[in-house]
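The values are calculated or read from the model by the stated rules, or taken from the named source; none is laboratory data. Remember, predicted model here, so these are calculated numbers, not experimental data. No Cβ is skipped: glycine too gets one built from the backbone with ideal geometry, and neighbour counts run over all protein chains shown.
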Amino acid sequence: MSSLNIKRIAVAGAGTMGHGIAEVFAMAGFEVNLMDVSDEILRNALNRIRDSLEKLSRRGGELREGTDSIMSRIHTTTKVSEAVKDIDFLVEAVPENAELKKNIFRELINTRRPMQYSRLIRVPYQ
């Protein structure tokens, strides 16, 4: 998948940005652990991803494989410890909540695995 030996991605936050990030990584062939605070948010995220993939497919978009195959690479959880287990790269896309961010990175540190991470910064519209 990647020259950096990245195979499994965790996306912390399945909202406005997180679900789209998970979709793109899954489309690129990566296994994705998508994490959020509730099963309802995760269900909504999976529905939005599936809808997006199906629209791309109908419009003749550049899907190298079927929607079901792409969806099979997205694994959901509400537990930080499960989301960060065996990952190579983390994308943090959670709301600006200091405690939530601390918890995610505390769990990440406890895995004691070196990895790369990306922090997304929200820029307010003016």
Within segment 94-111, does at least one residue satisfy the condition of being touching a Leu at 6+ places or on another chain (Cβ under 8 Å) and either acidic (D, E) or assigned to a strand (DSSP E or B) (or both)?
no
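Of N33, N97, which residue is surrounded by fewer than 18 Cβ atoms within 10 Å (Cβ to Cβ) and either out of contact with any Gly (no Cβ under 9 Å at 6 or more places or on another chain) or not aromatic (F, W, Y) (or both)? Before you say what the answer is, go through the steps one by one.
Details: N33 fails: surrounded by fewer than 18 Cβ atoms within 10 Å (Cβ to Cβ).
From the options N33, N97, the qualifying one is N97.
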Could you grab me the full set of residues in segment 36-64 that are exposed (fewer than 13 other Cβ atoms within 10 Å of the Cβ), among the small types (G, A, S) and closer than 18 Å to P95 by Cα?
S38
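So, of the residues in segment 50-88 that are small (G, A, S) and in a helix (DSSP H, G or I), which turns out to be farthest from N33 (Cα to Cα)?
Taking the candidates together, the pick is S57.
Can we say R58 is modelled with pLDDT under 95 and either basic (K, R) or in contact with a Pro (Cβ under 7 Å, 6 or more places away or on another chain) (or both)?
Numbers: modelled with pLDDT under 95: yes; either basic (K, R) or in contact with a Pro (Cβ under 7 Å, 6 or more places away or on another chain) (or both): yes.
In short, yes.
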Consider I21 against the criteria (1) surrounded by 13 or more Cβ atoms within 10 Å (Cβ to Cβ); (2) within 20 Å of N110 (Cβ to Cβ): it satisfies all of them except one. Which criterion is unmet?
(2)
Residues in segment 5-18 that are among the β-branched types (V, I, T) and surrounded by 19 or more Cβ atoms within 10 Å (Cβ to Cβ): how many?
2
What are the residue pairs meeting all of these: first residue in segment 84-112, first residue within 19 Å of A14 (Cβ to Cβ), second residue of a type in the set (S, T, Y) and outside any helix (DSSP H, G or I), Cβ atoms under 6 Å, and 6 or more apart or on different chains?
L90/Y117; V91/S118
Here are the criteria: (1) surrounded by 12 or more Cβ atoms within 10 Å (Cβ to Cβ); (2) modelled with pLDDT under 75; (3) touching a helix residue (DSSP H, G or I) at 6+ places or on another chain (Cβ under 8 Å). Tell me which single one R113 does not satisfy.
(3)
